[in-house]
Amino acid sequence: MIDQNNIREQFPILNQKVNGYNLIYFDNGATSQKPISVIERISDYYKHSNSNIHRGVHSLSRHATDLFEKSRHTIASYFNINNPQQFIFTGGTTDSINMVAQGLAKNYFKPGDEIILSTYEHHSNILPWQLWAQENGGKLKIIPLNNDQTLDYNSLPNLITKKTKLIAVTHVSNTLGLISDIEKIKTEATKHNIPVLVDGAQSAPHMAIDLKKLDVDFFVCSAHKMYGPTGIGLLYLSEKWLNHLALSKTGGGIIKSVSFEKTEYVEGALKFEPGTPHIAGAVAFGEAINFINRISIEKIFEIENELVQYAQEKLNELPEIMMYGKNTHKAGVISFNVKNQHPFDVGTLLDKYGIAVRTGHHCTQPLMQHLNIQGTVRISFAVYNTKNEIDFFIEKLKKVITMLS
């Protein structure tokens, strides 16, 4: 039995008032809050272990290196990958996608090639591919939506041509919370030997990710949505792409030898991690995974799914509310609007009651254009949220609706 009070007590930021009310943090899709174990891990690293890694022979450097690589192993185990060298520490999801895009542009994409995305995509999984296409006469093709706002997988065979070189899709829509069926996408891609990139920024915090089972070519996510620090994430490469993805960044720490005529690079993940990395962030990322494991990601999904269904039911009782992507199987996110009201106004008034929600297009403007709306109010949950918070939110939302009427 999970003690929700014990979980909440581990998050110091929740013990404060905003505008005279207890903070209700429903903006976890943007970033989650951090447990005290992660906060203290960062502090402890700088107090006792701070040193540069991989190159020093002194004790502090060796200890920092051990902590850094131990985190890599912890994260590899969490995602069920036997070879930790398939995990590259990056600046986050955006950085990871850009690394793949720039690497593929060097020796894989050819002018006129095509890339398939979905209507759900966050701008971070649109702009790198769009930039390449604009510069190289390429083309983006988009998986459309069904009437219930799920992806139209039946359209995929018709989108694929001999020029299709990549399918890059989000695992979970950051706006709708709907879960993409990666197995269906991968099955079609495999028929044509097309690599698949999965944006796991919104799936990794909420649901179990078994990369051995998922068996995709690239997987990316960010620590800060997984109870970890900002400014660090990961890029997973299949064994094939670990050896074949071209470097997009170079520098110290990734070489065997350098001369003015030629450079030999190291093998594995370190080849993609030049310079001094975010060492404290990597160590704390590992601690965030430890926090998740103490509860279990399966239990976290169960808790959050119960909150999503409860909130959807409560919102459905309000005639002024329009919900998007309503579904019984989704990951931690609900988007809605109040009829005839701008989402910014709704969010601003909810903040007066200490309720933090996200408003706007959520970096998914193409999706908003498809839905023919400017934006939404988005509530997104984490393991520390409760039904009591949802009840308070619904009570105050009713007041906001009355105020705006």
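If the only charges are +1 at each Lys and Arg Cβ and -1 at each Asp and Glu Cβ, what is the size of the charge dipole of the stretch 40-294 around the Cα centre, to the nearest 20 debye?
Computed charge dipole of the stretch 40-294: roughly 420 debye.
Of all beta bridges DSSP finds with both residues in the stretch 79-168, what is the antiparallel percent, to the nearest 5?
Working: 1 of 9 bridges.
Beta bridges within the stretch 79-168, antiparallel portion: roughly 10 percent.
For the chain, modelled as a Gaussian network with Cα springs under 10 Å, which listed residue fluctuates most, PHE219, PHE87, PHE392?
PHE392
What is the local net charge at ARG378, summed over the other residues whose Cβ is closer than 9 Å to its Cβ (Lys, Arg +1; Asp, Glu -1)? Kindly include the intermediate steps, with their values, before the conclusion.
Values: positive: ARG358; negative: ASP27.
Within the 9 Å Cβ shell, the charges total 0.
If amide hydrogens are placed 1.01 Å from N in the peptide plane, which non-local residues have theirs closer than 5 Å to the one on THR170?
Result for THR170 returns SER118, ASP199.
Where both residues lie in the chain, what percent of DSSP beta bridges are antiparallel, nearest 5?
Bridges in the chain are about 60 percent antiparallel.
Would you list, by chain and number, the lysines whose Cα falls below 28 Å from the Cα of LYS256, excluding same-chain residues fewer than 8 positions away?
Qualifying lysines at Cα under 28 Å: LYS70, LYS106, LYS240, LYS271.
Under 10 Å, Cα contacts only: if you run a Gaussian network model on the chain, which one of HIS224, HIS370, HIS361 comes out with the highest mean-square fluctuation?
HIS370
Take every Cα-Cα distance within the chain, group them into 20 Å bins from 0 onward, and report for each bin the whole-number percent of pairs it holds.
Calculated P(r), rounded to whole percents: 26, 55, 18, 1.
For SER259 and LEU14, calculate 0.36 nm times their separation in residues minus their Cα-Cα distance, and state this gained length in nm to one decimal.
Stretched out fully, the SER259 to LEU14 stretch lengthens by 82.8 nm.
Relative contact order for the stretch 40-294: what is it in percent, counting Cα pairs under 8 Å that are at least 6 residues apart?
25
Of LYS17, LYS271, LYS191, which is the most mobile in a GNM of the chain whose springs link Cα atoms less than 10 angstrom apart?
Of LYS17, LYS271, LYS191, the Gaussian network model singles out LYS191 as fluctuating most.
May I ask you to evaluate 6.51 cos²θ - 1.76 cosθ + 1.60, the Karplus curve with θ = phi - 60°, for each residue of the stretch 180-196 and list the ³J(HN,Hα) values in order in whole Hz, giving x for glycine and proline?
Each residue of the stretch 180-196 in turn: 6, 8, 5, 4, 5, 5, 5, 4, 5, 5, 4, 4, 10, 6, 9, x, 10 Hz.
Checking the a/c ratio against 1.5 first, then a/b against b/c, what shape does the Cα gyration tensor give for the stretch 223-343? List each step's numbers first, then the result.
Numbers: a/c = 3.30, a/b = 2.50, b/c = 1.32.
Prolate, because a/c is 1.5 or more and a/b exceeds b/c.
Amide H of LEU145: which non-local residues (sequence gap of 5 or more, or other chain) have their own amide H closer than 5 Å, using H built in the peptide plane?
ASP152
Go ahead and run the numbers for FRET between ASN107 and ASN372, Cβ-Cβ distance against an R0 of 35 Å, rounding to 0.05.
Once rounded, the FRET efficiency stands at 0.30.
Rounded to whole Å and sorted largest first, what semi-axes of the equivalent ellipsoid does the C-alpha gyration tensor of the stretch 273-405 yield via the square root of 5 times each eigenvalue?
On the way: eigenvalues 186, 73, 44 Å².
Value: 31, 19, 15 Å, ordered largest first.
What list of ³J(HN,Hα) values in whole Hz, one per residue of the stretch 217-231 in order, does the Karplus curve 6.51 cos²θ - 1.76 cosθ + 1.60 (θ = phi - 60°) give from phi, with Gly and Pro shown as x?
7, 9, 9, 10, 6, 10, 5, 5, 8, 10, 6, x, x, 6, x
So between LEU23 and LEU318, what do we pick up on full extension, going 0.36 nm a residue minus the alpha carbon distance?
Working: separation 295, 0.36 × 295 = 106.20 nm, distance 2.36 nm.
Stretched out fully, the LEU23 to LEU318 stretch lengthens by 103.8 nm.
What list of ³J(HN,Hα) couplings, whole Hz, do you get for the stretch 117-133 from phi and the Karplus terms 6.51, -1.76, 1.60, once you set θ to phi - 60° and write x for glycine and proline?
So the J values, rounded to whole Hz, are 10, 10, 5, 6, 4, 5, 3, 5, 9, 10, 4, x, 6, 5, 4, 4, 4.
Using just the helices of the chain, give the 222 nm mean residue ellipticity in deg cm²/dmol: DSSP H runs with n ≥ 4 each add -39,500 (n - 2.57), and the total is spread over all residues, rounded to 500.
-12000 deg cm²/dmol
Take every Cα-Cα pair in the stretch 127-193 and report what % of them are more than 16 Å apart.
Numbers: 1155 of 2211 pairs.
Pairs farther apart than 16 Å: 52 percent.
Using a simple charge model, +1 on the beta-carbon of Lys and Arg, -1 on the beta-carbon of Asp and Glu, nothing else, what dipole does the stretch 1-152 show about its Cα centre, in debye to the nearest 20?
520
Within the stretch 212-230, name every residue whose backbone N is under 15 Å away from a label modeled 7 Å from Cα of THR190 along the Cβ vector.
Flagged as within label range: 212-218.
Name the residues whose placed amide hydrogens come within less than 5 Å of the amide hydrogen of GLY233, ignoring near sequence neighbours (fewer than 5 apart) on the same chain.
THR90, GLY91, GLY92, ALA223
Have a look at GLY138, THR119, LEU151 and report the one farthest towards the positive end of the charge dipole of the stretch 90-196, computed about the Cα centre with Cβ charges (Lys/Arg +1, Asp/Glu -1).
GLY138
Would you list which aspartates and glutamates come within 20 Å of LYS396, measuring only between C-alpha atoms, while excluding same-chain residues fewer than 8 positions from it?
Straight-line reach from LYS396, under 20 Å: ASP27, GLU313, GLU317, GLU320, ASP345, ASP351.
Just how large is the dipole of the stretch 1-43 about the Cα centre, in debye to the nearest 20, putting +1 at every Lys and Arg Cβ and -1 at every Asp and Glu Cβ? Could you put the intermediate results ahead of the total?
Working: 4 positive and 4 negative charges, 19 e Å.
I would put it at about 80 debye.
Here, each number is a calculation from the coordinates, and none is a lab measurement. If you're wondering where the values come from, they're calculated on a predicted model, not measured in any experiment. Quick reminder, even Gly has a Cβ in these numbers, built from the backbone with ideal geometry, and neighbours come from all protein chains shown.
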